[in-house]
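First the structure, in the form of structure tokens, and then the observations on it.
The values are calculated or read from the model by the stated rules, or taken from the named source; none is laboratory data. Everything quoted here is computed from the prediction, not taken from an experiment. With ideal geometry, Cβ positions are generated from the backbone for all residues, glycine too; neighbour counts draw on all protein chains shown. Quick note on the areas: whole protein, heavy atoms, side chains included, nothing else; ligands and nucleic acids left out. Shrake-Rupley method; radii C 1.70, N 1.55, O 1.52, S 1.80 Å.
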Amino acid sequence: MALRTKEKGAAKFIMRQLRWFIGMLSIVAILAIILFNPIPSILEWQSVLLRRSLNVLLLCGLFCLWRILRGPTPADRIVSVDILGILILGFCAILGIPTGRDWYIDIGIAWALQSFISTLALAKYLEGRNLDE
Amino acid sequence: MSKSRIILFILGLLIWLGLSWPVNPQHLIVGVLVAGFVALLTGDMFIKRPYLFKHASRYLWFLYYLPIFIWECIKANIDVAYRVIHPNRPLNPGIVKVKTSLKSDTALTFLANSITLTPGTLSVDIDQEGGFLYIHWIDVKSSDVEEASKLIVERFERILRRIFE
Amino acid sequence: MSELIGYIFIVIGLSFDFFGCLGLVRFPDVYNRLQASTKSVTLGTCSILFGLFLIKGMSAPGIKAILCIIFIILTSPVSAHALARGAHKSGVRLWDKSICDRYEEEKR
């Protein structure tokens, strides 16, 4: 009986390592496809780097959306929305460099303010109190 | 005009000038009007003890506090990255209770913010009368009040007391 | 030269952001997720904004980026604190393998 549980534990351990390995491999593969496909030319590395960093931020946003979809409790979903708001500020900041339009960072500031206030309101709602308290 | 209104006016004007950076007279006039209006309306709400802004030593201690804070932030990020990548997720979480001797609102806010951004800790609630903080710790080393306060709070407390108290 | 340093800052910030969002997916309960994502995403976005400041210099977007850094460092821990408190009050349990929960003991 003890041997059996031990075997079961070992199998579970190996399964977990395997899952970790497959997950990391797929993430590294997705990152490599984003960053090196097609192979960037050396001459205009700045615009290439910025365009691909936007793609990396989009991948981060997809992770947040996955947590919103799966989250077992409402608190998980609110945390994801909060993190998504901060990510969009970084997105706007990077977007302003290659296009040369300075007003993207203004959108980022407004979005961060709105996100902070809405997070506080949602936290109050989670706590189960009135908003004017 | 009380002192706290003047300080709030200066802070608001600085933020306005930052938001409309290349300074020209039009923006300056509008900024003075708006900052004066805001300072008149919400004068005594934000700054309770304006005499604290006079001491030069507080600013020097704040400059001493900044690099320590940034270094702790970077350590926290490397710690989180290690825990995320590791296959077995080396977590050992729990909520502990720590004790602090700071009293004023600003100092407690800054203490809670510093605790949240430093390695492995997240402040959950504050009990202001007793001076207790409840902290979620990702790697609990001891659940005792004294031990935990020595490990988490003490390094910030002694600087923050000189800045805000 | 300062442009190159700015791009290096942007890449560092991106990697921090990425680890934070990976932690949002991998960690087991709300409080751990909050820890990982708040710390990493805050410092990562601050690093991106500082890179923007180094690239643009003392122009309008650069100064706005500095203001954004101050704003984020002040507000992001506050919202994390409010969310953790709200989650605990609404009855979200800690992870099964947690060591201790002093807050729950005190509330009773």
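Site pair A:ARG51 and A:VAL81 shows an inter-label distance of 3.5 nm when each label is modelled 7 Å from Cα along Cα→Cβ. Per-residue mean of foreign Cβ neighbours for B:123-133 is 3 (Cβ atoms of other chains, 10 Å radius). Across region A:59-76, coupling constants 3J(HN,Hα) worked out from phi with the 6.51/-1.76/1.60 Karplus curve, θ = phi - 60°, read 4, 4, x, 5, 4, 4, 5, 4, 5, 5, 5, 8, x, x, 10, x, 4, 4 Hz, and Gly and Pro carry x.
In Å², what does the accessible area per residue of region B:55-164 work out to with a 1.4 Å probe? The partial results should precede the final answer.
Working: 4880 Å² over 110 residues.
For region B:55-164, the solvent-accessible area averages 44 Å² per residue.
Once you average over the residues of B:63-75, how many Cβ atoms of partner chains fall within 10 Å of each Cβ?
Neighbouring Cβ atoms belonging to other protein chains average 1 per residue here.
For the options A:LEU43, A:LEU95, A:LEU69, a Gaussian network treatment of chain A with springs between C-alpha atoms closer than 10 Å singles out A:LEU43 as fluctuating the most. Between the C-alpha center of region A:74-131 and that of region B:62-88 there is a gap of 23 Å. Taking the protein assembly as shown as a whole, the Cys residues whose C-beta sits 4.7 Å or farther from every other Cys C-beta are A:CYS64, A:CYS92, B:CYS73, C:CYS46, C:CYS68, C:CYS100. For the set A:VAL81, C:VAL78, the ranking by accessible area, highest first and with no ligand, DNA or RNA atoms included, is A:VAL81, C:VAL78 under a 1.4 Å probe. Per the accessible-area calculation with a 1.4 Å probe, the total area buried between chain B and chain C rounds to 3900 Å².
Fully extended, how many nm does the chain gain between B:ASN92 and B:GLU165 (0.36 nm per residue separation, minus their Cα-Cα distance)? Please report the intermediate quantities before stating the final value.
Values: separation 73, 0.36 × 73 = 26.28 nm, distance 3.46 nm.
Contour length minus Cα-Cα distance gives 22.8 nm.
Only protein heavy atoms count here; under a 1.4 Å probe, A:TRP111 has an accessible surface of about 120 Å².
Label sites at B:GLU146 and B:THR42, each approximated as a point 7 angstrom past Cα along Cα to Cβ, lie 4.4 nm apart.
For region A:63-90, a reduction of at least 50 Å² in accessible area between the chain on its own and the assembled protein chains (probe 1.4 Å) is found at A:PHE63, A:ARG67, A:VAL79, A:ILE83, A:ILE86, A:LEU89.
Once all protein chains are placed together, A:PHE21 keeps about 110 Å² accessible to a 1.4 angstrom probe. Computed over protein heavy atoms with a 1.4 Å probe, the carbon and sulfur contribution to the accessible area of the protein assembly as shown reaches 68%.
Peptide C:54-65 has a mean of 5 when you count, residue by residue, the C-beta atoms of other protein chains within 10 Å of its C-beta.
Shown is the FRET efficiency for A:ILE14 and B:LEU14, computed with R0 = 45 Å from the Cβ-Cβ distance and rounded to the nearest 0.05: 0.15.
Model label points for A:ILE107 and A:MET24, set 7 angstrom from Cα along the Cα-to-Cβ axis, are 3.7 nm apart.
Among the listed pairs B:LYS48/B:LYS99; B:LYS75/C:LYS89; B:LYS97/B:LYS141; B:LYS141/C:LYS89, those with a Cα-Cα distance over 19 Å are B:LYS48/B:LYS99; B:LYS75/C:LYS89; B:LYS141/C:LYS89. Axis of helix B:105-117 versus longest Cα principal axis of chain B: the two differ by about 50°, to the nearest ten degrees. With protein chains left intact and a 1.4 Å probe, residues in chain C average 36 Å² of accessible area per residue. Within straight-line reach of B:LYS54, meaning a Cα separation under 25 Å, sit the following lysines at least 8 residues removed in sequence or on another chain: B:LYS3, B:LYS103. Listed by chain and number, the lysines whose alpha-carbon sits under 27 Å from that of A:LYS6, ignoring those within fewer than 8 places in the same chain, are C:LYS97. Using the Cβ-Cβ distance between C:VAL11 and B:LEU66 with R0 set to 30 Å, the FRET efficiency from 1/(1 + (r/R0)^6) comes to roughly 0.80.
At a probe radius of 1.4 angstrom, the accessible area of region B:3-52 per residue rounds to 69 square angstrom.
Accessible surface buried by the C/A pair amounts to about 3900 Å², both sides summed, 1.4 Å probe.
Rounded to the nearest 500, what is chain C's calculated 222 nm mean residue ellipticity when only DSSP H runs of at least 4 contribute -39500 (n - 2.57) each, over all residues? Show your work: numbers first, answer last.
Numbers: 4 runs with 88 residues, N = 108.
Using -39500 (n - 2.57) per qualifying helix, the result is -28500 deg cm²/dmol.
Within the P(r) computed for the protein assembly as shown, what percentage of the Cα pairs occupies the region above 28 Å? Here the long-distance tail beyond 28 Å is 53 percent of all Cα pairs in the protein assembly as shown. With a 1.4 Å probe rolled over the protein heavy atoms of all chains, the accessible area of A:LEU59, B:LEU60, A:LEU120 falls in the order B:LEU60, A:LEU120, A:LEU59, largest first.
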